[in-house]
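The structure appears below as structure tokens.
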Amino acid sequence: MAKIQKIKGFADLFAAEAGKYTFLEGAARTVFSRYGYGELRTPVVEFTELFAKGIGADTDVVGKEMYTFPDRKGRSLTLRPEATAGVVRAFAESGTYQPGRVFKYFTFGPMFRYERPQKGRMRQFHQINVECFGSASPYTDAEVLLMLHDFLSAAGLTKLSFELNTLGCPECRPAYRQALSDYFASLPADALCEDCRRRMTTNPLRVLDCKVPSCREATDGAPSVQDHACARCKGNFEVVTAALDAAGLAYTVNPRLVRGLDYYQGTTFEVVSGDIGSQSSVAGGGRYDGLVKLLGGPDVPGIGFACGMERLALLLPERKTQAPDFHIAVLDAAALPEALALAQRIRAMNLTGEVAHEAGSMKSQLRAADRSGARFCLIMGGDELAARTVVVKAMSTGEQMTVPLDDAERVVLR
């Protein structure tokens, strides 16, 4: 029978790698809760319409990358390619909104996109997401960026660069889109790749984000969004940068920075690393005022970001698992019940360790204890069972002593 293998682009995460994800989630919970954010868990499957409407039907994500399928009633369902649309749907559907209040959520979980697997980019990938609804203040933008910086610092990631831009608003962006379209139309027909020629009409801002070298060279002289932003957008962006300056957060303004999803407007940002090759972005986000209303909720502003956990994990050192406190070696099958009971008493004292479930020779049992890395090996054989004692061996020094069975856990606790 042929061996069943995992699907290409999907990964198994064993303890050493999974520990990095657990560490990142713990750091996120600690930092985000400090800013008043609460955890929200949303489904991994949603109606396809949510993403087509929220992300944009002409985006690469919706057009090329989604895992979409019909259910048994013929309804089109999609494995979520990103988290924001689902969080917005949950917020709008919950009916919890109250004018004047700000609602703050963070989420963890797998996302799914059909694209070529490569380092730091899988078809099933994991994200940490933050979403904030109800505040249009540019100081909220600044605080979200500062919180992202605090999280990355808590995770021990320091060699990162923050890039900022403003994408304008519904009032000033149409004129900028037209200026871009006019510029791209003036280029030679073969100056842009096939995807960018399509984007020229569907989403010209995305041409600026193309990674094809010839496209980047051809668009070097493209109009800057900074020159087309309205007074309100310019003012808000100046407030954000001034607040970051006051807080001491270093950043660069990148006029070419755009986001791949249609719902972004106003402040947008990315965090990049030079240590993981071409897939340098480890976090990104921005403001998406209007998205909640578009998806059937109240007309409230929103801002958020996502961190790619696979890419963050590439920057983390190997997570060393903590050595267990004990290993119980059993030399006589008659001692197995008492050994298991002893292990439970030790674990109840918040100590960690294992117990043999089958009796074996002294040599094999000590070999297992040595492989485990335990601080103590507790040895129980027929003689110890009869005398109600345990031999406790300190694995680092080889010293051992015989103690009463009822006192063994206190020796390990020391």
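Things worth noting here:
- One residue alone among F32, F51 is assigned by TED's automatic domain parsing to the domain that holds T96, in contact with a Phe, Trp or Tyr (Cβ under 8 Å, 6 or more places away or on another chain) and surrounded by 19 or more Cβ atoms within 10 Å (Cβ to Cβ), and that residue is F32.
- In the range 330-367, the residues that are among the β-branched types (V, I, T) and without any contact (Cβ under 8 Å) to a residue 60 or more places away in the chain: V330, T352, V355
- Within the range 217-228, restricting attention to residues that are part of a helix (DSSP H, G or I) and touching a helix residue (DSSP H, G or I) at 6+ places or on another chain (Cβ under 9 Å), the residue that is surrounded by the most Cβ atoms within 10 Å (Cβ to Cβ) is V225.
- Test: residue in the range 234-249 that is assigned by TED's automatic domain parsing to the domain that holds L164, closer than 23 Å to E143 by Cβ and in a loop (DSSP other than H, G, I, E, B): yes
- Total residues in the range 111-154, condition of a type in the set (S, T, N, Q) and over 14 Å from the mean Cα position of the chain (by Cα): 5
- In the set (1) modelled with pLDDT of 95 or more; (2) buried (at least 18 other Cβ atoms within 10 Å of the Cβ), E354 fails one condition alone, (2).
- So L145, is it touching a helix residue (DSSP H, G or I) at 6+ places or on another chain (Cβ under 7 Å) and either part of a loop (DSSP other than H, G, I, E, B) or surrounded by 21 or more Cβ atoms within 10 Å (Cβ to Cβ) (or both): yes
- Whichever residue in the range 91-136 is polar (S, T, N, Q) and surrounded by 15 or more Cβ atoms within 10 Å (Cβ to Cβ) and, among such residues, is farthest from E65 (Cα to Cα): S135
- Looking only at residues in the range 317-344 that are exposed (fewer than 15 other Cβ atoms within 10 Å of the Cβ) and of a type in the set (D, E, K, R), the one that is farthest from D275 (Cα to Cα) is K320.
- Output for the range 152-201, where each listed residue is in a helix (DSSP H, G or I), closer than 23 Å to T252 by Cβ, in contact (Cβ under 8 Å) with a residue 40 or more places away in the chain and not aliphatic (A, V, I, L, M): R173, Y176
- Of the helices (runs of 4 or more DSSP H) lying entirely inside the range 1-107, those containing at least 2 residues that are out of contact with any Ser or Thr (no Cβ under 9 Å at 6 or more places or on another chain) and of a type outside the set (D, E) span 15-34, 84-94.
- Condition broken by Q265, with the remaining ones in (1) surrounded by 19 or more Cβ atoms within 10 Å (Cβ to Cβ); (2) out of contact with any Lys or Arg (no Cβ under 7 Å at 6 or more places or on another chain) satisfied: (2)
- Flag for K293 being more than 30 Å from G86 (Cα to Cα), at pLDDT below 95 and not assigned by TED's automatic domain parsing to the domain that holds E384: no
- A57 vs. criteria without any contact (Cβ under 8 Å) to a residue 40 or more places away in the chain and in contact with an Asp or Glu (Cβ under 9 Å, 6 or more places away or on another chain): yes
The values are calculated or read from the model by the stated rules, or taken from the named source; none is laboratory data. Note that the coordinates shown come from a computational prediction; the quantities given were computed from them, not determined experimentally. Please note: Cβ atoms are built from the backbone with ideal geometry, for glycine as well, and neighbour counts cover all protein chains shown.
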